[in-house]
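So the structure is just underneath, and the comments pick up after that.
The values are calculated or read from the model by the stated rules, or taken from the named source; none is laboratory data. Since this is a predicted model, take the numbers as computed values, not measurements. Quick reminder, even Gly has a Cβ in these numbers, built from the backbone with ideal geometry, and neighbours come from all protein chains shown.
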């Protein structure tokens, strides 16, 4: 693929100027391409989670709390927001909805497509199944770090390409790995994908006050 063709296929900024839960669903099937350190790796998105900002107790933007670590969460739609989780691994998000809304989409798992040898070296594992099955694993495999925080995705070393074809079925489940508003149905998984971080189980009726929208 030429640089010109790839640039044309990178998701436009307007794609991200919508509610996070819509973006999170439509990112399933898109391809993440990394050229960090001059090394080419790529993977297809099979799992995401939406975080809605002001009204979402699990969001770093809940009640518009601000600090040095989450400053870029309030940036422009389509920018990267990268934070350190549990002091151990990086989590990569794309800012959503509107500048200042504090909402974003977390990339949770990828199907490895290219540069698997590089991924294995970075991850220190052989199993392809374990390369990108989880938010910390995928950032390590693709060389993503805090250096991307606040960068405009379209002009960064890690870009997201449009899905090549209409996506297949998407399962919707409660979010995982969190304690607040975990029951909200905001995790999206390519149905039947063996590359997801965990199997997709159908969401039950949320007990919380899921509003299905982000506040600007």
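Being surrounded by fewer than 20 Cβ atoms within 10 Å (Cβ to Cβ), part of a helix (DSSP H, G or I) and in contact (Cβ under 8 Å) with a residue 12 or more places away in the chain holds for only one residue in 198, 137, 122, 129, and it is 129.
Being modelled with pLDDT under 95, more than 18 Å from residue 88 (Cα to Cα) and assigned to a loop (DSSP other than H, G, I, E, B) narrows it down to one of 209, 193, so name that one. Just one listed residue meets the conditions, 209. Of all residues in region 70-94, those being free of Cβ contacts under 8 Å to residues at least 40 places away in the same chain and out of contact with any strand residue (DSSP E or B) (no Cβ under 6 Å at 6 or more places or on another chain) number 4.
Figure legend. Inter-residue proximity from region 11-24: first residues over 16 Å from residue 154 (Cα atoms), second residues at pLDDT below 95 and surrounded by 15 or more Cβ atoms within 10 Å (Cβ to Cβ), beta-carbon distance below 7 Å, spacing 6+ or different chains. Indicated pairs: 19/213; 19/214; 20/214. Give 77, 112 a once-over and let me know the one that is part of a loop (DSSP other than H, G, I, E, B) and surrounded by 21 or more Cβ atoms within 10 Å (Cβ to Cβ). Result: 77 is the single residue among 77, 112 that is part of a loop (DSSP other than H, G, I, E, B) and surrounded by 21 or more Cβ atoms within 10 Å (Cβ to Cβ). If you go through region 180-190 and keep only what is part of a loop (DSSP other than H, G, I, E, B) and either without any contact (Cβ under 8 Å) to a residue 24 or more places away in the chain or under 15 Å from residue 23 (Cα atoms) (or both), you end up with 185, 186. Quick check: anything in region 160-167 within 14 Å of the chain's Cα centre (by Cα), modelled with pLDDT of 95 or more and on the phi < 0 side of the Ramachandran plot? Taking every residue of region 160-167 in turn, at least one turns out to be within 14 Å of the chain's Cα centre (by Cα), modelled with pLDDT of 95 or more and on the phi < 0 side of the Ramachandran plot.
Quick grid of which residues meet (1) within 12 Å of the chain's Cα centre (by Cα); (2) surrounded by fewer than 23 Cβ atoms within 10 Å (Cβ to Cβ); (3) not in a helix (DSSP H, G or I):
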site	(1), (2), (3)
18	no, yes, yes
37	no, yes, no
44	yes, yes, yes
57	no, yes, yes
